[in-house]
1. Lysines near K580 by alpha-carbon distance under 25 Å, same-chain residues fewer than 8 away left out - which ones?
2. Summing +1 for each Lys or Arg and -1 for each Asp or Glu, what net charge is found among the other residues whose Cβ lies under 12 Å from the Cβ of T463?
3. If Lys and Arg each add +1 and Asp and Glu each add -1, what is the summed charge of the other residues whose beta carbon sits under 15 Å from the beta carbon of I152?
4. What's the carbon and sulfur percent of the chain's accessible surface, probe 1.4 angstrom, rounded to a whole number?
5. Counting pairwise Cα distances across the stretch 416-473, what percent come out greater than 16 angstrom?
6. Determine the equivalent ellipsoid of the chain by diagonalising the alpha-carbon gyration tensor, then write out the semi-axes as square roots of 5 times the eigenvalues, largest first, rounded to whole Å.
7. With each pseudo-label sitting 7 Å past Cα toward Cβ, what's the I124-S61 distance in nm, one decimal?
8. With 10 Å bins from zero, work out the P(r) of the stretch 434-534 over every alpha carbon pair and list the percent per bin.
Amino acid sequence: MKKCIVIFLLILSTQIFAQNKRPEFGHLSPNDLQLKECSFEKEAPAVVIFDYGDSRFLHASDGGFYIQFKRHTRIKIFNEGGYDQAEIIIPLHLSDTRREKATNIKGYTYNWVEGGLQQTPLDITQIYEEKVSEYLYQKKFAMPQVKDSSIIEFTYTIESPFHVHFRDWEFQNDIPTIYSQYTAAMIPFYSYRYRLQGTSKTDLFKSYEKQSSDRSFAGIKFHDMIYEFGLNNVPSFMDESYITSRNDYVIKIDFQLVEITHPTGYKQRFMDTWPKLANDLLEYEDFGKYIKKATKWAEKNASQYAAMPEDERVNAIINMVKSTYKWNYYNGKYAQKDFKEFQKSLTGNIANINLLTLGILKANNIDAEPVIISTRQHGKVTNDFPYSDFFNYVLTVVKINNQYLLIDATDPFCPNQLIPSKCINGIGFIVKKDNEAWVNIETSSPSLEKTTLKYAINPEELTIQGKCEKQSTGYIAMNQRSDFYSSADNFKNKYKEIGINEDDDIVVSNLMDENKPFKFSFNFNQKIDVIEDQIIIHPFAHFPIKSNPFKQNKRTLPIDIVNKKAYQYNAIIEIPEGYKIDVLPQNKIYNKSDLQLSFMAQQTDKNKLQIFASYKFNQSTYPASKYEDLKEFMNKVTQILNSKIVLVKDEQLTMK
């Protein structure tokens with residue numbers, strides 16, 4: 001037995017260190033060409049053969065250091081489902097004065113053509129750049145001549161002046177990865193802490209001092225300290241639906257700057273304590289000092305609310321800010337514009353608006369503090385150690401009538417008692433002097449959508465014709481208001497396939513009054529099926545969800561649906577003269593503490609049929625162990641809400 005274990009370990013070690021013999025760019029191995037499928041994920045449309053990343057510090061022209069990152073990746077495409085792997089994105093950081101640069105971008109696509117290997121180079125003129133946000137931009141390119149069995153290979157270098165952003169590394173991709181390795185070369189002047197997510201250990205870990213060459217800085221000689229991390233046979237990241245962020249679950253390694261040691265011996269701490277982080281933020285020009293300027297300005301220009309009751313005072317201030325200032329679609333925990341510029345333009349980023357709101361609240365004697373958070377797309381915050389880069393957004397927390405309320409004044413469609421759904425993401429850090437305090441960011445407020453249908457059946461024209469009225473609250477209403485405001489035509493197009501007439505308008509109520517339900521209505525008509533004189537209709541005329549959104553065979557991650565939701569449908573159907581009901585779905589009730597479904601149908605008089613259905617999610621998050629229950633529940637929902645009613649001719653009436 002011991003002998004078998006030793007042999008297994010030797011084989012595993014050989015596999016790992018064979019991978020460490022770096023392949024040369026532009027030189028394929030016979031194994032690459034012969035690869036027909038991924039051995040551990042046979043249905044995958046493509047596989048990463050290898051992915052190597054290397055980061056190190058190099059001397060900069062200004063006398064300091066910059067970080068150089070190099071990447072070399074090779075991917076085998078098996079079929080059309082993997083073609084999108086040929087679209088490459090390089091994310092890059094920037095600030096007002098500095099930016100990361102991507103250089104030495106090279107690539108080849110390899111295809112076996114008529115008994116020979118065809119090598120098509122990447123056309124560097126087809127590389128383009130686009131801005132993503134205030135602090136991010138990206139370079140993008142597509143590999144040429146991609147087809148079934150293609151191999152694509154690319155390499156690039158990033159030069160970064162941002163020591164805070166030592167390059168993180170994702171071992172896991174949307175397709176499986178045969179081998180992934182990251183090498184970090186550290187120097188004694190910068191200290192980092194790393195965190196491994198998604199796995200407890202790597203297949204390869206080595207740390208050693210590089211003795212091959214001496215380096216020096218400010219008269220101090222040193223060697224690089226090398227850390228190597230490698231993983232074999234990494235499965236594809238599959239669980240992407242109903243999660244907070246891919247970033248919270250993908251297998252990766254993160255680095256956080258802890259300390260800079262200057263040649264003089266002075267140590268500059270970047271990760272002390274949470275109270276120290278709070279104090280630093282309160283002294284920062286675009287955070288704490290901005291709040292002081294906003295408060296001082298508000299004491300002179302916006303203190304007219306002080307005599308109101310607390311809850312009215314808070315609502316009046318939020319409404320004033322929402323009606324006066326406009327968000328420029330940039331997030332950020334720091335104010336993007338200085339206070340004078342912001343007051344002149346009346347537009348700014350999240351921090352400009354929410355920190356101003358905080359100042360006005362303080363000037364009107366409201367107990368208020370800033371709360372820094374991470375949005376859902378940015379990933380969850382951990383309070384294991386203090387690090388400013390965890391956060392990319394700022395809210396305000398107020399205490400009114402002995403209750404705490406989170407405030408965001410940037411979205412005119414968001415009710416004052418709610419925050420945008422992108423902010424519902426774990427915990428937020430309350431920035432208060434000499435203090436560590438946290439607030440849970442969640443909502444108990446449910447969202448509701450009601451659909452009321454009144455329609456008649458026309459057996460001569462084989463259609464149903466009627467009116468649809470919809471009413472929504474909470475986050476459903478927020479999304480619908482925003483969609484309609486952005487483009488009424490696009491909003492209408494969503495209902496065209498259900499039968500809204502081209503020349504009919506959608507009538508809307510309470511578009512700009514976020515404290516009332518959002519309502520809209522329209523006329524519709526649909527074709528119906530007739531088989532051997534049987535009229536077949538769907539009770540709710542194709543308006544409910546048609547397919548189960550939970551399609552995975554198994555689930556390993558929590559299911560996050562943001563907030564509690566409820567959907568109601570009510571249909572009043574006119575039965576045509578000379579017809580009667582032959583098949584009517586049975587009443588059903590599925591009632592559990594976390595999931596509820598009901599369906600009731602009754603004939604109210606000779607030619608009227610009334611049908612009611614509802615389903616509810618009574619939790620905002622479900623553990624992975626509940627996935628099968630959710631899947632079964634939504635199977636019931638889609639089947640029952642899209643069941644069929646059959647009408648036949650009433651023979652007794654026909655005989656008369």
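The values are calculated or read from the model by the stated rules, or taken from the named source; none is laboratory data. Every value quoted in this text rests on a predicted model; they were computed, and no experiment measured them. No Cβ is skipped: glycine too gets one built from the backbone with ideal geometry, and neighbour counts run over all protein chains shown. Remember, those area values only see protein heavy atoms, side chains included, never the ligands or the DNA or RNA. Shrake-Rupley method; radii C 1.70, N 1.55, O 1.52, S 1.80 Å.
1. Excluding near neighbours in sequence, the set is K454, K467, K527, K588, K606, K608, K644, K649, K656.
2. Values: positive: K527; negative: E460, E461, D529.
Net of charged neighbours comes to -2.
3. On the way: positive: R71, R74, K76, K106, K140, K147; negative: D32, D51, E80, D84, E87, D123, D148, E153, D174.
Surrounding charge for I152 is -3.
4. On the way: 16090 of 33120 Å².
With neighbouring chains kept in place, the figure for the chain is 49 percent.
5. Values: 1129 of 1653 pairs.
More than 16 Å apart: 68 percent of the Cα pairs in the stretch 416-473.
6. Numbers: eigenvalues 531, 298, 98 Å².
Here the semi-axes work out to 52, 39, 22 Å.
7. Each label point lies 7 Å from its Cα, and together they span 1.8 nm.
8. Spelled out per bin, shortest first, that is 13, 35, 24, 15, 7, 3, 2, 0.
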